[in-house]
Amino acid sequence: MLNNSYVKRVYDSLVLKNSNEKEFLQAALEILASLEPYVECHPEIEKNKVLERFVEPERFIQFRVAWVDDKGEVQVNRGYRVQYNSSIGPYKGGLRFHPSVNASIIKFLGLEQVLKNSLTSLPMGGGKGGSDFDPKGKTDHEIMSFCQAFMTELYRHIGEDTDVPAGDIGVGGREIGYLYGQYKRIQNKNVGVLTGKGIPFGGSLGRTEATGYGLCYFTEEALRVMRQDSFKNKTVVISGSGNVAIYACEKATSLGAKVVAMSDSNGYIYDENGIDLVIVKEIKEVKRGRIKEYISSVPTAKYQEGARGIWQIPCDIALPCATQNELDLEDAKSLAKNGVIAVCEGANMPSTLEASKYFIEHQVVYGPAKAANAGGVATSGLEMSQNSIRMSWSFEEVDKKLKEIMVQIFQNVYQTAISLGNPYDTVTGANIAGFDKIAKAMLSLGVY
Ligand code: NDP
Ligand code: 2IT
């Protein structure tokens, strides 16, 4: 996959140092491979060892999170924060609470975030964090205890101009509230140190919807430019049924599409009449239940065990919005066989390297995660701006800015891809467009 000797050297050394970090190496390989043409035109990158510095996080923090469950038993989890790159602004990126979280997951997400945040055009560096804590089956009191314990260590590493965390898998409005409450209690400060906050205490209207809506704005623009087409009358399959999936479903439907399937980690539902999102929201946002429960309300819909099968469903547009590596080469082939025209990623790195390569080679309109799902962090950036000026903007103002940002991201990625000779290669387009600003900043800031 690598041809340039400098890039190969950087990757080989990364493999030596991080041999057990599969997801991190996967993200790094994709990015480094895309940067080869850039490095060849910019000898200053090799001369100043910019790639070596770019792949190495500025800081990696791992900590113990001890808390007491409802039975009075002490529980111990592992907490993380990677402060990856601050060359263009304060570290910014979400927190993930999921049993699968480890150093590899946090570092892949952090590295992706650096380029994603650069693409938003807002002044935000990249970071990511989280814990192997499993929120499933925990009481509200246990969630609060865990969040308070987590922040009791994290608070010393973050700040409104230093590092601003937000949500990701397993971290939504409820968790951000508890985390922010604990930060305020310890620091005695009301500042925009977290985003995704509740509206009464400094949150931005539109942040809840932003990733899913932004994904659809990106996809709509890509369809318009690359195929003179739109969401109208299209059949859409969306994996996941969390924050990103729900608001992608809402916007795709309002743009005239019919969403026929959604999933969680246990299985997927298929509703040929179009998913009734009111029911999904009730199950997921209110009851915190399982997607399977949908068929009790809609008996004509079908439930299938196993999340993976969702990619066998014929659709025009696929929006993977669950997790990393949820769509492999076989899934990509079956989507293409069934006539998919666009695959845009709400989740981070949902497609394997082979799957994304397949989409590009088969001229599917492909929106790689760091471009297509950047609407969430972009709106977090807008929340930071509102907190700094101690003002709040209307939903319409925020949504309008989000749309402009997503259109600009698509244009930047697409123009970069065209300049490199393949308009469908949005992976190279996104990586180079994001990296260019980081590299220029790092070169200007002196060696660090
Ligand atoms: P949520 O926790 O709200 O929802 C996650 C969804 O994905 C759930 O339906 C969950 O099912 C499913 N899921 C999680 N892990 C797995 C797994 N291992 N296998 C199958 N399904 C799984 O998270 P979000 O919606 O916030 O995040 C979804 C994706 O979007 C992630 O990749 C995240 O990094 C990315 N993202 C999120 C942004 C945000 O603003 N929230 C911004 C940009 C990207 P179950 O309930 O069964 O676990
Ligand atoms: O992956 C992501 O971009 C997020 N989880 C959102 C990060 C943020 O800071 O809003």
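What pairs come up if the first residue lies in region 170-181 and is in contact (Cβ under 8 Å) with a residue 24 or more places away in the chain, the second is within 11 Å of ligand 1 (Cβ to nearest atom) and part of a helix (DSSP H, G or I), and their beta carbons are under 6 Å apart, counting only those six or more places apart or on different chains?
Cβ pairs passing all conditions: Gly172/Asn243.
Pick from Glu354, Glu396, Glu383: which is acidic (Asp, Glu) and within 16 Å of ligand 2 (Cβ to nearest atom)?
Within the list Glu354, Glu396, Glu383, the selection yields Glu383.
Name the single residue, out of those in region 150-172 being in a strand (DSSP E or B) and not β-branched (Val, Ile, Thr), that is farthest from ligand 1 (Cβ to nearest atom).
Gly159
Could you give every pair whose Cβ atoms fall below 7 Å, whose first residue belongs to region 99-111 and is over 12 Å from Asn20 (Cα atoms), and whose second residue is in a helix (DSSP H, G or I) and acidic (Asp, Glu), counting only separations of at least 6 or pairs across chains?
If the second residue must be in a helix (DSSP H, G or I) and acidic (Asp, Glu), the pairs left are Phe108/Glu23.
Can you pull out the residues in region 162-198 that are within 19 Å of Gly242 (Cβ to Cβ), surrounded by fewer than 24 Cβ atoms within 10 Å (Cβ to Cβ) and in contact with a Cys (Cβ under 9 Å, 6 or more places away or on another chain)?
Listed by number, the residues that qualify are Arg174, Glu175, Gly177, Tyr178.
Just one of Gly94, Gly72, Gly89, Gly79 is modelled with pLDDT of 95 or more and touching a helix residue (DSSP H, G or I) at 6+ places or on another chain (Cβ under 7 Å); which is it?
One residue alone meets the criteria, Gly79.
Give the residues of region 302-332 that are among the small types (Gly, Ala, Ser) and out of contact with any helix residue (DSSP H, G or I) (no Cβ under 9 Å at 6 or more places or on another chain), sorted by residue number.
Gly306, Ala307, Gly309
In region 63-75, what count of residues is obtained for those that are surrounded by fewer than 10 Cβ atoms within 10 Å (Cβ to Cβ) and of a type in the set (A, V, I, L, M, F, W, C)?
Total meeting the criteria: 1.
So that you can scan it fast, the table gives a plain yes or no per residue for (1) crowded, with 24+ Cβ neighbours inside 10 Å; (2) within 16 Å of ligand 2 (Cβ to nearest atom):
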{"site": "Leu327", "(1), (2)": "yes, no"}
{"site": "Gly339", "(1), (2)": "no, no"}
{"site": "Ile360", "(1), (2)": "no, no"}
{"site": "Tyr366", "(1), (2)": "yes, no"}
{"site": "Ala372", "(1), (2)": "yes, yes"}
{"site": "Ala378", "(1), (2)": "yes, yes"}
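For the list (1) touching a residue at least 40 places away in the same chain (Cβ under 8 Å); (2) outside any strand (DSSP E or B), I need the number of the one condition that Gly129 fails.
Status for Gly129: all satisfied but (2).
What helices (runs of 4 or more DSSP H), lying completely within region 16-90, carry at least 2 residues that are touching an Asp or Glu at 6+ places or on another chain (Cβ under 9 Å)?
22-41
Which count do you get for residues in region 200-232 that are among the β-branched types (Val, Ile, Thr), within 16 Å of ligand 1 (Cβ to nearest atom) and in contact (Cβ under 8 Å) with a residue 60 or more places away in the chain?
Going through region 200-232 one residue at a time, the tally reaches 2.
So which helices (runs of 4 or more DSSP H) are wholly in region 343-448 and hold at least 1 residues that are under 21 Å from Ala245 (Cβ atoms)?
353-361, 369-372, 375-389, 395-419
Within region 184-199, how many residues turn out to be more than 18 Å from Arg390 (Cβ to Cβ) and without any contact (Cβ under 8 Å) to a residue 60 or more places away in the chain?
Result for region 184-199: 2.
Look at Ile31 and say whether it is surrounded by 21 or more Cβ atoms within 10 Å (Cβ to Cβ) and of a type in the set (A, V, I, L, M).
Here the answer is yes, as Ile31 does meet what is asked.
The values are calculated or read from the model by the stated rules, or taken from the named source; none is laboratory data. Only a predicted model underlies this, so the values are computations on that prediction, with no experimental measurement involved. Note: ideal-geometry Cβ built from the backbone for every residue, glycine included; neighbour counts use all protein chains shown.
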